[in-house]
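Some notes on the structure that comes next.
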Amino acid sequence: MTPDPKVHLFEEVAGHNKHKDCWIIINGKVYDVTPFMEDHPGGDEVLLSATGKDATDDFEDVGHSDSAREMMHKYVIGVIDMSTVPRKRTYILPQEAKYNPDKTPEFVIKILQFLVPLLLLGLAFAVRLYTKEK
């Protein structure tokens, strides 16, 4: 006999809305998709946008494959108490920083944006001096 699945309240599930802690609701089940964030074909932003609401319609509208539906089973962590799900979603501003596809810290990018043109300028002067002397 299998134990009863854990019942989650909507407020609890809605609080898991970050890249490193992401839960979504589909067809009355609660999924912890945190380990799948990097591998989701639509990107992590798609999963983050599905938090804080019942994402069943979003999931069905995309037309996921049978293999995608099979894969979902390993992420189920319980069921949602449907009486706690609001009928109308209030928009919640995403709490994540802007998307950075290569995961490089921003300060490194800013330093490179400054250094690369300086290096090119230095190279141009060096080439000019070298060709001028001959």
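The values are calculated or read from the model by the stated rules, or taken from the named source; none is laboratory data. Here the structure is a predicted model, which is why all the values come from computation and not from measurement. Neighbour counts are summed over all protein chains in view; Cβ atoms, including those assigned to glycine, are modelled from backbone coordinates with ideal geometry.
Considering only residues of segment 1-36 that are charged (D, E, K, R) and closer than 11 Å to Val79 by Cα, which is nearest to the chain's Cα centre (by Cα)? In this case the residue turns out to be Lys29.
Asp39 fulfils the conditions (1) surrounded by 16 or more Cβ atoms within 10 Å (Cβ to Cβ); (2) over 13 Å from Tyr75 (Cα atoms); (3) free of Cβ contacts under 8 Å to residues at least 60 places away in the same chain except for a single criterion, (1).
Taken over segment 1-36, residues that are surrounded by fewer than 20 Cβ atoms within 10 Å (Cβ to Cβ), among the aromatic types (Phe, Trp, Tyr) and under 19 Å from Met71 (Cα atoms) amount to 1. Residues in segment 71-87 that are free of Cβ contacts under 8 Å to residues at least 60 places away in the same chain and closer than 18 Å to Leu47 by Cβ: Met71, Met72, His73, Lys74, Tyr75.
Condition first: more than 15 Å from Gly15 (Cα to Cα) and assigned to a strand (DSSP E or B). Now tell me which residues in segment 41-76 satisfy that. Passing the criteria: only Val76. Checking segment 85-100 against the condition returns a match, with at least one residue being at pLDDT below 85, out of contact with any strand residue (DSSP E or B) (no Cβ under 6 Å at 6 or more places or on another chain), within 22 Å of Asp32 (Cβ to Cβ) and among the acidic types (Asp, Glu). Residues that are in the same structural domain as Arg87 (by TED's automatic domain parsing), out of contact with any helix residue (DSSP H, G or I) (no Cβ under 9 Å at 6 or more places or on another chain) and not small (Gly, Ala, Ser) do not occur anywhere in segment 22-32.
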